[in-house]
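Trainee: Sharing a structure, written as structure tokens. Questions coming.
The values are calculated or read from the model by the stated rules, or taken from the named source; none is laboratory data. Remember, it's a predicted structure, so these values are computed and weren't measured experimentally. With ideal geometry, Cβ positions are generated from the backbone for all residues, glycine too; neighbour counts draw on all protein chains shown. We work out accessible area using only protein heavy atoms, side chains counted, and drop any ligands, DNA or RNA first. Shrake-Rupley method; radii C 1.70, N 1.55, O 1.52, S 1.80 Å.
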Amino acid sequence: MPSNKSVSDAPIAQFTNCRLLRGHRLQREDLWVREGKILNPEKLFFDEKGSADVQLDCKGRILAPGFIDVQINGGFGVDFSLATDDFRSGIDLVGQKILSHGVTSFCPTLVTSPPSVYHQILPQIDVRNGGAHGAGVLGAHVEGPFISKEKKGAHPEHCIRTFEENAFQDLLATYGSLDCVRIVTLAPEIKGSSEVIRELTKRGICVSLGHSVANLSQAEEAVQHGATFITHLFNAMLPFHHRDPGIVGLLTSDKIPAGRRVFYGMISDGIHTNPAALRIAHRAHPKGMVLVTDAIAGMGLAPGRHTLGQQVVEIDGLNTYIAGTKTLSGSVATMDTCVRHFLEATGCSVETALEAASLHPAQLLGIEDRKGTLNYGSDADFLMLDDSLHVQATYIAGEEVWRRDALGM
């Protein structure tokens, strides 16, 4: 019988014997959850005279906010840039499978594609909460087609374009709709990009700089117009040069508007970024690091050939190449693997590694009031991890949605 009827009939769960990531450090505290939200126990005790209806012993494990992946092209045989009749079931499948890797929210990412593909796919991406069905969908990340041909990476050159005279209207016509779009990656040196960045930012859409040959002043100008993110730092951009560090220079630029933070995505898979480069970026700007998988359809599948949008790619171990070349094309790493690699490569604290996959992406998207922390009132999307940061259980809105079989709880 719930003892808090005066406020709510909903049961209260108390997670005990755990170390919570809160306030940037692991603390020995209990976690209280009701109606999908994290509860302040003091208010419960003193205002409601309430107590827990169910207690769960976490056996000394870590409780941390659920991971948020803002750049994932697909996985488990599903390609988010491939228009199919059952596209939504592909989103469902990936959303379900990434729960075991600690991802509780994600942005399905489309690589450069023809307008007809955007028109077919974007209306099928529904922003929705996570649950037993899978991780929540925060909106689409549209990477391209307004990028540099010189830095196309694995994007198909014949689909890459510049802006027409009325740049923002051109973007609207290309995508068809911005209703579900959360992030747009573009190259800021393209004529008309300043107008586009301003218009997207005005609509609450995050603008990311990537697949670009921009110099530092072009990148700084883009940030002054509202850009806040860098797509997979170091990859598909000009290499750092001491006289003009290019987009990489944003990490230590003194021309970032007051009160603004530039975030940068990092594929911490041991393939895309040398550990030394990972350490340089992290030490230069630790609060901006956002771990992303940049995973393709081959994540979770056997080595061999798979699709990535308009291209065929080949998986060889952890390497993924455009078939017949040595051009890297996305990764097959999972988010929990990226977190562990980041921890090992940088020697950072466990708290720092976990926040790079939770707090920072939430801050980037402006949703840190409900995601990315275990603060009171936040959504109860969290993970139970062992000391080596292997996911033992995943919770969304306070409900267990995945558990490692051997947990024995």
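Trainee: Would you mind listing the strands (runs of 3 or more DSSP E) fully within the range 1-108 where at least 2 residues are touching a residue at least 12 places away in the same chain (Cβ under 8 Å) and farther than 23 Å from A353 by Cα? Even if it seems obvious, please write down each step before you answer.
Mentor: Working: elements: 12-16, 19-22, 25-28, 31-34, 54-57, 62-65, 67-72.
It comes to 12-16, 31-34, 54-57.
Trainee: Regarding E164, is this residue free of Cβ contacts under 8 Å to residues at least 40 places away in the same chain, open to solvent by 50 Å² or more (accessible area, probe 1.4 Å), touching a helix residue (DSSP H, G or I) at 6+ places or on another chain (Cβ under 6 Å) and part of a loop (DSSP other than H, G, I, E, B)? Spell out how you get there, then give the answer.
Mentor: On the way: free of Cβ contacts under 8 Å to residues at least 40 places away in the same chain: yes; open to solvent by 50 Å² or more (accessible area, probe 1.4 Å): yes; touching a helix residue (DSSP H, G or I) at 6+ places or on another chain (Cβ under 6 Å): yes; part of a loop (DSSP other than H, G, I, E, B): yes.
Taking the combined requirement at face value, the residue satisfies it.
Trainee: Could you list all residues from the range 109-146 that are of a type in the set (A, V, I, L, M), more than 19 Å from G36 (Cβ to Cβ) and not in a strand (DSSP E or B)? Outline the logic, then answer.
Mentor: So in the range 109-146, the residues of a type in the set (A, V, I, L, M) come out as 110-111, 117, 121-122, 125, 127, 132, 135, 137-138, 140, 142.
With the extra rule that they be more than 19 Å from G36 (Cβ to Cβ), the set shrinks to 110-111, 117, 121-122, 125, 140, 142.
V111, V117, I121, L122, I125 - these are the residues of the range 109-146 that are of a type in the set (A, V, I, L, M), more than 19 Å from G36 (Cβ to Cβ) and not in a strand (DSSP E or B).
Trainee: Also, I was wondering about something else. On the basis of being open to solvent by 40 Å² or more (accessible area, probe 1.4 Å) and either more than 17 Å from F76 (Cα to Cα) or not assigned by the TED database to the domain that holds I296 (or both), does T325 make the cut? Even if it seems obvious, please write down each step before you answer.
Mentor: Values: open to solvent by 40 Å² or more (accessible area, probe 1.4 Å): yes; either more than 17 Å from F76 (Cα to Cα) or not assigned by the TED database to the domain that holds I296 (or both): yes.
So T325 fits the description; yes.
Trainee: To continue, here is another question. Considering only the range 258-305, state which residues are under 19 Å from the mean Cα position of the chain (by Cα) and on the phi > 0 side of the Ramachandran plot. Outline the logic, then answer.
Mentor: At the first step, the residues of the range 258-305 found to be under 19 Å from the mean Cα position of the chain (by Cα) are 261-273, 278, 281-282, 285-300.
Once the filter is applied, which keeps residues that are under 19 Å from the mean Cα position of the chain (by Cα) and on the phi > 0 side of the Ramachandran plot, the range 258-305 yields G270, D294, G300.
Trainee: Take the residues in the range 299-316 that are free of Cβ contacts under 8 Å to residues at least 60 places away in the same chain and part of a loop (DSSP other than H, G, I, E, B); name whichever of them is surrounded by the fewest Cβ atoms within 10 Å (Cβ to Cβ).
Mentor: Step one: list which residues in the range 299-316 are free of Cβ contacts under 8 Å to residues at least 60 places away in the same chain, which gives 302-305, 312, 314-316.
Keeping just the survivors that are part of a loop (DSSP other than H, G, I, E, B) gives 302-303.
Working: A302: 7, P303: 14.
Looking at residues that are free of Cβ contacts under 8 Å to residues at least 60 places away in the same chain and part of a loop (DSSP other than H, G, I, E, B), I get A302.
Trainee: Which of the residues that make up the range 78-94 are closer than 24 Å to E400 by Cβ and either within 13 Å of the chain's Cα centre (by Cα) or crowded, with 24+ Cβ neighbours inside 10 Å (or both)?
Mentor: Within the range 78-94, the first condition is being closer than 24 Å to E400 by Cβ, and the residues that meet it are 89, 91-94.
The answer is V94, and nothing else.
Trainee: Among the listed residues G377, G347, G330, G366, which satisfies the condition of being within 28 Å of T112 (Cα to Cα) and either of a type in the set (D, E, K, R) or surrounded by fewer than 24 Cβ atoms within 10 Å (Cβ to Cβ) (or both)?
Mentor: Numbers: G377 fails: within 28 Å of T112 (Cα to Cα); G347 fails: within 28 Å of T112 (Cα to Cα); G330 fails: either of a type in the set (D, E, K, R) or surrounded by fewer than 24 Cβ atoms within 10 Å (Cβ to Cβ) (or both).
Just one listed residue meets the conditions, G366.
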